[in-house]
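The structure appears right after this line, and notes come after that.
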Amino acid sequence: MRTAVLLLWLTLVAPAALAADWLAWRKVGDATLTWGPFTVYTSQLRTPDGRYGRENQDQALIITYARDIDRDELVEATRDQWQAQEILQREPRSEAWLQMLRSLWPDVRPGAQLAFVLDDGQGQFWYRASAAQKAFIPLGPRQSEAFSTRFLAIWLGPRTQYPELRQQLIGGQK
């Protein structure tokens with residue numbers, strides 16, 4: 001019985017403890033994506049030391065949504081960005097990755113947060129339905145370095161379709 005209680009406690013507390021680590025990282029920059037007069041989301045980049053130096057360093061990208069977006073729209077937006085950066089054409093696993101995202105991501109509502117945390121070369125998705133929810137919960141398994149690099153390239157890569165947002169996220173001028 002004691003072992004079962006300990007395992008249950010670890011199952012509930014361990015993910016929150018892991019999230020607490022990256023939540024304590026320092027902010028590098030933040031940015032807002034708008035579509036005409038509408039805010040789609042705000043985003044923030046954090047690193048352990050508050051500086052952005054390279055693509056594969058430990059980092060957390062946190063997106064706070066300002067409108068309802070269903071998971072299929074999120075996946076299609078990812079597809080569009082990978083298409084624009086020629087990742088779809090160059091990466092044979094990209095279609096499988098998009099299917100994985102479709103099964104992993106929830107629909108989002110205003111105030112929902114989706115985070116992607118790169119730690120030791122592997123990424124992990126985290127989700128919090130609203131600010132009222134105390135802790136982020138992990139979504140799915142840790143992701144490979146190949147996926148993680150290509151996913152973060154949407155915002156942070158040199159071929160991003162949002163160079164102004166990239167500049168703001170990595171600590172440049174707004």
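The values are calculated or read from the model by the stated rules, or taken from the named source; none is laboratory data. From a predicted model like this one, the values you see are computed outputs, not experimental measurements. Cβ placement follows ideal geometry from the backbone for every residue including glycine, while neighbour counts extend to all protein chains displayed. Surface areas here come from the heavy atoms of the whole protein model, side chains and all, with no ligands, DNA or RNA. Shrake-Rupley method; radii C 1.70, N 1.55, O 1.52, S 1.80 Å.
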remark   = Residue pairs within 8 Å by beta carbon, gap of at least six or interchain, first lying in the stretch 143-163 and farther than 17 Å from Ile62 by Cβ, second hydrophobic (A, V, I, L, M, F, W, C) and surrounded by fewer than 14 Cβ atoms within 10 Å (Cβ to Cβ), listed first then second, are Arg159/Ala84; Gln161/Ala84
key: Residue count for the stretch 120-140, restricted to those that are closer than 22 Å to Asn56 by Cα and touching a Leu at 6+ places or on another chain (Cβ under 9 Å)   = 8
Residue count, the stretch 120-149 (criterion: of a type outside the set (Val, Ile, Thr), open to solvent by 70 Å² or more (accessible area, probe 1.4 Å) and under 22 Å from Gln99 (Cα atoms)) = 4
inquiry  = When you check Leu139 against the structure, is it part of a helix (DSSP H, G or I) and at pLDDT 95 or above, yes or no?
reply    = no
remark   = For the stretch 48-104, the count of residues that are in a helix (DSSP H, G or I), in contact with a helix residue (DSSP H, G or I) (Cβ under 7 Å, 6 or more places away or on another chain) and of a type in the set (S, T, N, Q) equals 3
ask   = Failed condition for Arg166, given (1) in a loop (DSSP other than H, G, I, E, B); (2) open to solvent by 30 Å² or more (accessible area, probe 1.4 Å), with all others met?
value = (1)
